[in-house]
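Below: the structure, in structure tokens.
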Amino acid sequence: MSLNILGLYKVVADKTPYVSIEEITRKVSIGLTRFGHPCFYSPEDIKLANITIKHGEQITFNSVEEVNGTMTVNCGVVRNNQSHSFMLPFSQEGKFYECEDDQIYTLKEIAEWKIPKCRNRIVKLSSTLHMWDSSNPLPENFDGCLILTPVYEVRAVMKFRKDIVHILSDLDVEVKDITDCYDISSFLQPLSLEDVFERTSKEFPMVAEIMEGPSGNPKPYNLLYTGKEIIIYKKYQATRVLASEIRSDSPKRHFLIPMSYKGKFKRRPREFPTAYDLEIARSEKEQLHVVATKAFDSPHKELFSVSVGDQFLVQQCQTSEVPYEGRKKFIDVLACEQILSDTYKKVLLPMYMEGGFVEVIHDKKQYQLSEICKEFRLPFNVKVSVRDLSIEEDVLAAVPGLQFEEEITDSYLLISSASSPMESWEIPVCRLNMSVHLLSKDGQTVLPPVTKTTVEEISEEQYYMMRRYENQTLHPPPRPPKKPTLAPKPVFAVAKQDVSDVLQAPKVNLKWLYLNIY
């Protein structure tokens, strides 16, 4: 099964124990990213000099280190919301079982980080990222488990060829090490875009030839074919707005919009499922005007009962006292003004209220992208009112509605064609699979030509990765509980997140095999 099959999977914990810490380090990937922090437990207590690990306690393996000549693993346990670190030597024996993992992963992540050496991996399909079609090897509506057995191939370069050769792992050949007989510099040195990005800024601009170009990509990435020479001017971090198509059915399209986008937008109404969402969207710039789309019967006379069609101006969050089982308690409420035919009525809506509201927009102004990001809080709904005329085909203009979800920062390279450098464009480092080899360190053109604006449409899988790795401080706060608490002020329940760490996606290091063919 190809790693390109879209879907999110849960990893089923391996029931076969490991018999020592050394075996875990040999068979399990331990690294610096969230994927490299596997968790295990022991059915017996482990007594160390400064701490005793209780049986069944979750042990997180953070890194492999050498301490006073002894190979150890830096581990940690969490007790009473406090982390405790300790070292386990490779020689530590016992039974160590893999802990249950409630995270979800792509097939690529599982293949690179979650399949132990010499073992298979059982996964369960959590959700598909696109509608089923005939190219999908899984049966329609499949919801069972899969046993993954990795099949490897070797990517190789040959002395007298510029392209990359793919050698299957089951090829029956005899391999002889001739490293000492040949100068490694006589072979081409393939570089991924991540490798190029790691070069120092002083090494740019540079001229490179594409050894393996991306396939099936729209313009301008379809110009990056094998054998094409390009100029790479510089590397940098750039801001994009992550936007999704507004539609009730799926799949939705997702876009990364650069700040250089020259089109204009008009606002579209936002929808709010709870009163708490109204508080999140409230701003000092303008008063939020909404219409109720769902009725709500208040359990307290002090709070307002909502009917479909009621209109409100949202004011502020405050605390209100209500009776509860013969006692008085405080809950958070949202103060609003109900709009009547000829007057306004002050009302209080409980923050935990599950209802439905649609925004009423009085603003007819057209906004640039940068203005929206500066003046309003995301998420924000818009529609393109004036397309970007500098783009040959503005894909955003055909979309009936967009939701700007968040600003993200990503890594890019600025490139142009070496043969006709009339314009330059940005290529994403982490989302474009491409290999190049350097022809020279200095490009013929020091200053890049005019940069072409590119709106990047990303896949459902790439969208998921974007949302997972982006800083969680950009997300709205969690919703409150449905029922009030007995505390003087309600304690808001933290919604369970899909991701517990804010880390970048792991980098995959490819090992190259250099062959000499007689």
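Couple of notes before you dig in:
- Extreme residue, modelled with the lowest pLDDT, among residues of the range 397-440 that are among the charged types (D, E, K, R) and closer than 20 Å to Glu194 by Cβ: Arg431
- So Ile21, is it free of Cβ contacts under 8 Å to residues at least 60 places away in the same chain and either aliphatic (A, V, I, L, M) or over 30 Å from Glu460 (Cβ atoms) (or both): no
- Test: residue in the range 208-223 that is closer than 25 Å to Leu389 by Cα and of a type in the set (A, V, I, L, M): yes
- Every residue from the range 210-249 that is under 20 Å from Met422 (Cα atoms) and open to solvent by less than 20 Å² (accessible area, probe 1.4 Å): Ile210, Pro220, Tyr221, Leu224, Ile230, Ile231, Ile232, Tyr233
- Taken together, the residues in the range 73-97 that are open to solvent by less than 40 Å² (accessible area, probe 1.4 Å) and either more than 32 Å from the chain's Cα centre (by Cα) or farther than 15 Å from Gly31 by Cα (or both) amount to 6.
- Checked against the criterion of being out of contact with any Phe, Trp or Tyr (no Cβ under 9 Å at 6 or more places or on another chain) and not in a strand (DSSP E or B), the range 310-319 has no qualifying residue.
- Within the range 352-388, being touching a Lys or Arg at 6+ places or on another chain (Cβ under 7 Å) and either open to solvent by 70 Å² or more (accessible area, probe 1.4 Å) or not in a loop (DSSP other than H, G, I, E, B) (or both) holds for Glu354, Gly355, Gly356, Glu359, Gln366, Tyr367, Glu375, Asn381, Val382, Lys383, Ser385, Val386.
Condition check ((1) modelled with pLDDT of 90 or more; (2) part of a loop (DSSP other than H, G, I, E, B); (3) closer than 22 Å to Leu369 by Cβ) across all residues:
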{"residue": "Asn217", "(1), (2), (3)": "no, yes, no"}
{"residue": "Ile232", "(1), (2), (3)": "yes, no, no"}
{"residue": "Leu242", "(1), (2), (3)": "yes, no, yes"}
{"residue": "Asp249", "(1), (2), (3)": "no, yes, no"}
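The values are calculated or read from the model by the stated rules, or taken from the named source; none is laboratory data. Not measured: the values here are computed from a predicted model. No Cβ is skipped: glycine too gets one built from the backbone with ideal geometry, and neighbour counts run over all protein chains shown. Heads up: the accessible areas ignore ligands, DNA and RNA and are worked out on the full protein's heavy atoms, side chains in. Shrake-Rupley method; radii C 1.70, N 1.55, O 1.52, S 1.80 Å.
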